1. For a quick check of your reading of the model, give me the residue pairs whose first member lies in segment 123-151 and is without any contact (Cβ under 8 Å) to a residue 12 or more places away in the chain, whose second is assigned to a strand (DSSP E or B) and surrounded by fewer than 19 Cβ atoms within 10 Å (Cβ to Cβ), with beta-carbon atoms closer than 9 Å and at least 6 apart or on different chains.
2. Take the residues in segment 111-149 that are part of a helix (DSSP H, G or I) and of a type in the set (A, V, I, L, M, F, W, C); name whichever of them is surrounded by the most Cβ atoms within 10 Å (Cβ to Cβ).
3. Examine segment 219-227 for a residue that is closer than 22 Å to residue 119 by Cα, assigned to a helix (DSSP H, G or I) and more than 12 Å from the chain's Cα centre (by Cα), and state whether such a residue exists.
4. Specify which of the listed residues (118, 144) is among the small types (Gly, Ala, Ser), within 22 Å of residue 222 (Cβ to Cβ) and not assigned by TED's automatic domain parsing to the domain that holds residue 289.
5. Which one of these is more than 30 Å from residue 119 (Cα to Cα), without any contact (Cβ under 8 Å) to a residue 60 or more places away in the chain, assigned by TED's automatic domain parsing to the domain that holds residue 146 and hydrophobic (A, V, I, L, M, F, W, C): 46, 76?
6. If I filter segment 150-200 down to residues being on the phi > 0 side of the Ramachandran plot and not basic (Lys, Arg), which single residue comes out as surrounded by the fewest Cβ atoms within 10 Å (Cβ to Cβ)?
7. Consider residue 279 carefully, then state whether it is within 26 Å of the chain's Cα centre (by Cα), among the small types (Gly, Ala, Ser) and part of a loop (DSSP other than H, G, I, E, B).
8. What residue, of 348, 292, 320, is surrounded by 13 or more Cβ atoms within 10 Å (Cβ to Cβ), touching a residue at least 12 places away in the same chain (Cβ under 8 Å) and of a type in the set (S, T, N, Q)?
Amino acid sequence: MKSLELTAKPLQHELSATQAAAATPIAFVRSIALAYERRGMRPDRALAQAQIAPEVLQDERARITAWQMEQISDAAMQELDDEALGWFSRRLPWGSYGMLARASISSPTLKVALARWSRHHGLLTDDIALRLATLGDTATLSISESRDLGPLREFCLVSMLRNALGLSCWMVDSRIPLLSAQFAFAAPAHADAYGVLFRAPVTFGADQTAITFDARYLALPLRREEAALRQMLQHALPLTVLQYRRDRLLVQRVRQLLGAPVAGQLSHALPQHSADSLAALLHVSPRTLHRQLKEEGATLQGLKDEVRRTRAVELLHRTQRPIKQVAEAAGFVNEKSFIRAFRSWTGQSPGEFRRTIQLPAP
């Protein structure tokens with residue numbers, strides 16, 4: 001199988017692979033060079049294939065592009081015949097991760113696929129163990145270590161999480177945004193690159209190495225079949241370089257954020273989110289937010305109206321709050337704009353709507 005390797009930045013559609021921004025730390029290239037050294041081999045051909053000058057390895061501040069990382073990883077995995085690139089106490093011969101992918105592709109949901117991937121990875125090596133767990137609305141994919149991984153530790157742990165995330169996105173054909181990424185090692189000199197690598201809040205010196213994401217993604221059905229898997233295994237880029245444009249849970253996530261009451265307000269008012277504030281919470285640009293909602297057949301204003309209408313109807317039906325308080329709780333700046341919006345939704349004013357329903361006994 002060609003690599004599921006780490007990449008630092010999605011390949012932009014308007015740029016060629018070799019023009020993409022350099023964001024991957026050179027430390028990961030040095031890890032690959034060390035794997036060659038341990039085998040008594042030289043990485044010259046792999047470096048040349050990736051267009052990386054050997055002297056660049058000595059520059060701590062150097063960065064390479066996602067395309068270069070893909071090229072050197074692909075070459076090294078074949079030359080070393082080790083898809084783990086020296087991480088483990090025994091090699092994972094070429095095709096090992098392809099075998100794991102095939103064992104997972106028939107799963108009905110992402111949860112089953114990731115559980116299979118984690119369990120079967122333990123058959124390849126017992127140096128690390130992957131574990132998928134859920135707690136409430138949060139899913140966690142963690143790594144435990146059973147031996148000292150030495151100087152390749154960082155590269156191994158980062159790659160394993162990136163690979164699992166990339167495969168997951170590919171299997172469900174959806175972007176899976178992370179809630180957090182945490183690592184059981186101190187912040188490296190290139191710690192700033194992690195914000196690009198994982199696009200989520202990052203913690204170093206944690207008790208365990210793990211990524212967390214919304215557990216609802218685990219219920220998504222797999223959208224790939226054997227034919228697609230065979231095609232994917234011919235290339236190294238699709239899993240971790242291409243950023244999936246589509247987020248199949250985006251509408252639900254936006255609706256959830258719009259419907260979360262503002263903390264500390266007695267009226268439990270809905271937040272008055274702008275496209276900018278929502279985009280920041282979702283770690284996308286406002287333009288991307290609007291585009292992805294459109295792809296899912298929704299608009300931000302439509303979702304705002306839906307959430308506000310649901311909140312207003314609930315309060316009018318279940319409480320005797322004054323219309324002004326209902327307006328505030330539904331996220332409106334004043335009563336007049338609320339009445340106008342409510343009439344457009346229902347054909348009635350809030351007062352008329354309330355008179356047509358039976359209020360519960362006090």
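1. 133/140
2. Here is the first cut: in segment 111-149, the ones part of a helix (DSSP H, G or I) are 111-124.
Now narrow it down to the ones that are of a type in the set (A, V, I, L, M, F, W, C): 112-115, 117, 123-124.
Working: 112: 15, 113: 26, 114: 23, 115: 18, 117: 23, 123: 11, 124: 19.
Checking each candidate, the answer is 113.
3. Residues of segment 219-227 that are closer than 22 Å to residue 119 by Cα, as a first pass: 219-226.
With the extra rule that they be assigned to a helix (DSSP H, G or I), the set shrinks to 219, 226.
With the extra rule that they be more than 12 Å from the chain's Cα centre (by Cα), the set shrinks to 219, 226.
Scanning segment 219-227, I find at least one residue that is closer than 22 Å to residue 119 by Cα, assigned to a helix (DSSP H, G or I) and more than 12 Å from the chain's Cα centre (by Cα), so the answer is yes.
4. Being among the small types (Gly, Ala, Ser), within 22 Å of residue 222 (Cβ to Cβ) and not assigned by TED's automatic domain parsing to the domain that holds residue 289 holds for just one of 118, 144, which is 118.
5. Values: 76 fails: more than 30 Å from residue 119 (Cα to Cα).
The match here is 46.
6. Here is the first cut: in segment 150-200, the ones on the phi > 0 side of the Ramachandran plot are 150, 173, 199.
Narrowing further to those that are not basic (Lys, Arg): 150, 173.
Values: 150: 11, 173: 15.
Ranking the qualifying residues of segment 150-200, first place goes to 150.
7. Working: within 26 Å of the chain's Cα centre (by Cα): yes; among the small types (Gly, Ala, Ser): yes; part of a loop (DSSP other than H, G, I, E, B): no.
No; evaluated as a whole, the condition is false for this residue.
8. Numbers: 348 fails: touching a residue at least 12 places away in the same chain (Cβ under 8 Å); 320 fails: surrounded by 13 or more Cβ atoms within 10 Å (Cβ to Cβ).
The match here is 292.
The values are calculated or read from the model by the stated rules, or taken from the named source; none is laboratory data. Just so it is clear, the model here is predicted, and its values are computed rather than measured. Note that each Cβ is placed from the backbone with ideal geometry, even for glycine, and that neighbours are counted across all protein chains shown.
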